[in-house]
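Okay, so here's the structure we're looking at.
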Amino acid sequence: MNWKQFFDALGMNGTKWQWRIIRWQESWRSRRETWRQQRGTVAYKHKFCNECRALLDRNDTACHRCGAKASSWRSQAIGRFIGMVIPSPVPVSSAILGVNILFFVAIVAMDGPQALMRPSLEVMRNLGAMVPILFYEGEYWRVITCGYLHFGIIHIGFNMLVLSQVGPMLEEEIGAARFFTVYTVSLAGGVFLGLVIRGPVAIHVAGASGALFGLVGFGAAYAHSRGRGMVDVRNFFLRWAFYVFLIGFFIRADNWGHLGGFMSGGVLGFLVERQGIHRARFTFVWIAAMYCCLALTLAAFAWMLVTNV
């Protein structure tokens with residue numbers, strides 16, 4: 001069909017609309033081809049090792065390279081199909097983001113609309129913000145709970161933006177167990193450094209930034225240990241950390257917490273196995289560590305509820 005003549009007859013710019021329709025047609029063909037290729041990927045007759053990513057026959061029950069147990073071809077095909085809708089499923093990052101948002105909604109519900117910009121200190125304290133003087137009096141659960149609370153929509157918006165950018169990349173690279181362990185240890189490391197530096201003062205501290213700095217420190221150390229091919233990735237994380245440290249200095253953010261998280265994550269970045277072939281040997285250790293971190297997190301929130309009831 002001659003679209004130019006059609007739109008010219010309607011009194012419109014036929015040339016402009018013709019080129020626009022051509023672009024739409026090209027875009028549709030590109031999307032259709034992408035969909036066709038993805039369908040072929042779902043029906044791929046082989047599978048991959050979940051630990052070292054070696055190519056396996058669909059009937060293999062164990063990896064011939066690292067010895068890890070191989071998941072079924074059918075389950076991998078289902079995972080690839082889900083990936084056509086959700087390109088990068090990252091359960092831990094998504095769960096952490098969801099819990100942070102849930103607690104922010106609870107803060108607004110308890111404190112009213114003004115909490116969107118500045119929640120009251122009483123509500124933040126009751127929900128688990130870190131108050132060093134209370135920690136030294138025995139409320140140790142605040143080490144964990146404070147990392148899931150935020151002082152206003154700008155605070156949570158910035159932190160969740162960082163989590164959504166950094167979290168999925170690292171979780172896909174190292175796996176859910178290692179990721180949640182790094183996140184929780186970095187959160188605690190940031191809080192503890194702030195406690196040591198400040199002592200038992202009556203201030204309120206909250207936010208996920210210590211844990212996020214831990215992810216950045218982890219990423220920098222992990223990339224550095226991988227060698228020259230990851231230098232650009234390492235430098236990216238270091239630049240990001242420098243800029244945010246600088247911003248934190250000017251807005252008087254909790255840079256001690258940032259530094260503690262960054263150092264904790266950095267140490268773990270050198271401990272995580274960098275070669276996929278070795279990961280299967282230590283997967284059980286990291287899974288156990290993840291469950292310990294999860295148990296501590298749930299216990300902290302349970303302790304908070306019992307204390308405040």
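Of note:
- Qualifying residue in the stretch 167-186 (condition: farther than 21 Å from Met263 by Cα, open to solvent by 50 Å² or more (accessible area, probe 1.4 Å) and part of a helix (DSSP H, G or I)): yes
- Any pair with Cβ under 6 angstrom, 6 or more apart, that starts in the stretch 243-264 at a residue that is among the hydroxyl-bearing types (Ser, Thr, Tyr) and ends at one that is buried (at least 20 other Cβ atoms within 10 Å of the Cβ): Ser264/Val185; Ser264/Ser186; Ser264/Gly189; Ser264/Gly214
- Pair list, Cβ under 8 Å, 6 or more apart: the stretch 49-66 residue surrounded by 15 or more Cβ atoms within 10 Å (Cβ to Cβ), other residue part of a loop (DSSP other than H, G, I, E, B) and of a type in the set (Lys, Arg): Cys49/Arg65; Cys52/Arg65; Ala54/Arg65
- Among the residues making up the stretch 116-151, those that are under 25 Å from the mean Cα position of the chain (by Cα) and assigned to a helix (DSSP H, G or I) are Leu116, Met124, Leu127, Arg142, Val143, Ile144, Thr145, Cys146, Gly147, Tyr148.
- Within the stretch 189-228, being part of a loop (DSSP other than H, G, I, E, B) and under 21 Å from the mean Cα position of the chain (by Cα) holds for Ala206, Gly207, Ala208.
- Scanning the stretch 282-309 for residues being among the hydroxyl-bearing types (Ser, Thr, Tyr) and under 13 Å from Phe179 (Cα atoms) gives a total of 2.
- In the stretch 250-259 there is at least one residue matching the filter, namely being within 25 Å of Glu172 (Cβ to Cβ) and modelled with pLDDT under 95.
- Inside the stretch 69-103, residues that are exposed (fewer than 14 other Cβ atoms within 10 Å of the Cβ) and modelled with pLDDT of 75 or more make up a count of 6.
- Residues of the stretch 109-119 classified as under 17 Å from Ile154 (Cβ atoms) and open to solvent by less than 100 Å² (accessible area, probe 1.4 Å), total: 4
- Here the condition is being in contact with a Phe, Trp or Tyr (Cβ under 9 Å, 6 or more places away or on another chain), surrounded by 17 or more Cβ atoms within 10 Å (Cβ to Cβ) and at pLDDT below 90; of Ala280, Ala223, Ala300, it holds for Ala223 alone.
- Among residues that are assigned to a helix (DSSP H, G or I), modelled with pLDDT of 85 or more and open to solvent by 30 Å² or more (accessible area, probe 1.4 Å), Leu268 is not included.
The values are calculated or read from the model by the stated rules, or taken from the named source; none is laboratory data. Computed from a prediction, not measured in an experiment: that's the story for all the values here. We place every Cβ from the backbone using ideal geometry, glycine too, and count neighbours over all the protein chains shown. Just so you know, the surface numbers come from the protein's heavy atoms only, side chains and all, with ligands and any DNA or RNA stripped out. Shrake-Rupley method; radii C 1.70, N 1.55, O 1.52, S 1.80 Å.
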